[in-house]
Amino acid sequence: MNQKQGIMSGRQSVGVKLALIPVIFILAIGFILSYVVMSQYERRSDAEVIHVVVRQRALNQWYAKDLFLASLKQKNDYGYWRDQFMQTTESLLEGGEILAQLKSKETFRVEPAPTSEIRSKLQETKKLIQKIADQEAAFLALSPQSPQFGQMVTAIEKINIELHEITRDTADLYTQHSQNKIDEMIRNVILISLAVAVVGLFLNWLISRAISLPLLNLAEQAKKVANGDLSGEAIEVRSQDEVGQLTHSFNQMKAGLREITQQNILGIRSLTASTSEIMASTQQQSASTQEQVTALQETTATMEEVRQSGAQISERARHVAAEAEATVNITEKGLKSVTETVTDIEGIRFQVNQVAENIVNLSEKNRAVGDIIALVTEVAEQSNLLALNAAIEAAAAGEQGRSFSVVANEMKHLANQAKDSTRQVRTILEDIQRGIGKAVMLTEEAVKKVEKGRKQMDVSESTIRHMADTTQQSIQAFQQIVAATNQQQLGFEQVFQSLLDIRQSTEQTSAGTQQLNQASSSLNRMGQELQQLVARYHL
């Protein structure tokens, strides 16, 4: 039980556990070999004892022979044979040193008689040899020719025969005892081998079980993890060997996978929600960007029309300025012809002054319009004023003022174009139109008076002079209009280019938004695929 606990405790490494199996079998084989060798040594010792017992028979015969030779007064050595026989018998009986070979000094030690039967035979042998030794002196004292000598020889031979049989029986008993020991050795070897095999197989089973059970459990858990099952408690670590370390590492790996999977699930959910919001936002942004692109396209088209219209206005202003210069030349020529009629136009001058007052009021309104559209509206007001003056002067000049009428018409046409370009000044222009109406009425009255004093060239001269000055102012005003329209045209060009840039940027933004929408869709699909992939793991 202690051995089982020692193996199952897991303090030893797998290499040590695996090495225990051959070590155990080697130790068992070594034990069996040691036992067999020891048994062989004992058997060898038994063989030497049997040899000594068999030698006792020879010693007995040699002793009897030399004893008879001694009785015949021949050379003998009966005392040596007797002493060796008796000493050997005593050593066999009680244990002690025995000569390995006769008449040598080499000895070996024997154990006391192993069985009671052998001990009994040795004791009988000792008694018989002692009996002969006791009769030895009497036998040697007899004469071979005496009757007692023959009787004693017969008695000694009888004892010798009995001693010979006992010695043979003793040798047989020793042989039987040795054979029994051999049989016991064989039996013990078999039993020990079986016991060693059983113990070895049991220990092998314990060691294999201590290694295989954790590995099987670990393999089963690994199969569950491979199938996506990360639930369940950690595997209990019951050993400190490589399997225990592997189990501990597997538990850490499983815990790490569980934590990573949980974080992935949370991250994927957050990713899915974020991509949904991004998709909704990008769709809204795409729709808004598309509306911006459409609006910019319309604005660009409108701006292109305004730019072209400004170019036309600038061209018309330059044309009118050229005609106004031509008119100045004509006016200078007409001025020479009407210098004598200045006196007759005083009444007309009064009417013209009233018209001038109305025109001044009209100029103030035009200045208010200039706060809204600045330079273009101011030009329109001045154009209307100049047109009115030109119309008055043309009406006053008659046929000679027809060229002024053409200029007035051009100026009025240009003013109408400026008026149409803005809706915010429509009300003010209507007021101006009403003022012009009043001026026209007054001008009509002045025309009547001019008709009355047509011959008064002084009035014509003054009117022509005034018209020349006005035309000169108109030229300057148109030059300002040309400069302003040119500046305005540059502004239109810049605005148009900016609109084109904004349109291009907006289109790029729209394309980027579409790409972002596609990327969000791909990211959303990826998140769903990751969610399906993570769904196979059970935490």
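A short reminder: the numbers here are calculations on the coordinates, not readings from a lab. Since this is a predicted model, take the numbers as computed values, not measurements. Methodologically, a virtual Cβ is constructed for each residue, glycine included, from the backbone with ideal geometry; neighbour enumeration extends over all protein chains shown.
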Ranked from fewest to most other Cβ atoms within 10 Å of their own Cβ, I190, I166 fall in the order I190, I166
Assuming a viscosity of 1.002 mPa s and a temperature of 20 °C, what translational diffusion coefficient in µm² per second does Stokes-Einstein assign to region 2-220, Rh being the Kirkwood radius over Cα pairs?
-> 98 µm²/s
Between the modelled labels at A100 and A226 (7 Å from Cα along Cα→Cβ) the distance in nm is 7.0 nm
Which value results when the Cα radius of gyration for region 38-113 is divided by 2.2 N^0.38 Å?
-> 1.22
Calculated from backbone phi, Karplus (6.51, -1.76, 1.60) coupling profile of region 47-57 in Hz, x at Gly/Pro | 4, 5, 5, 4, 4, 5, 5, 5, 5, 4, 5
How much length, in nm to one decimal, is gained on full extension between I182 and A47, taken as 0.36 nm per residue of separation minus their Cα-Cα distance?
-> 47.4 nm
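Pop the C-beta distance of K452 and Q476 into the FRET formula with R0 = 30 Å and round what comes out to the nearest 0.05.
0.30
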The simple spin-label model distance between I26 and T299, using points 7 Å out along Cα→Cβ, in nm, is 9.5 nm
Two-site label geometry, Q497 and L215: point separation in nm, points 7 Å out along Cα→Cβ | 8.3 nm
For region 115-126, in order, what is each residue's ³J(HN,Hα) by Karplus, 6.51 cos²θ - 1.76 cosθ + 1.60 with θ = phi - 60°, in whole Hz (x at glycine and Pro)?
-> 10, 5, 5, 4, 4, 5, 5, 5, 5, 5, 4, 4
Mind sorting K254, K223 by how few other Cβ atoms lie within 10 Å of their own Cβ, fewest first?
-> K223, K254
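For a footprinting-style exposure proxy, rank Y63, Y80 by other Cβ within 10 Å, fewest first. Working shown, then result.
Working: Y63 28, Y80 15.
Placing the least packed residue first, the sequence is Y80, Y63.
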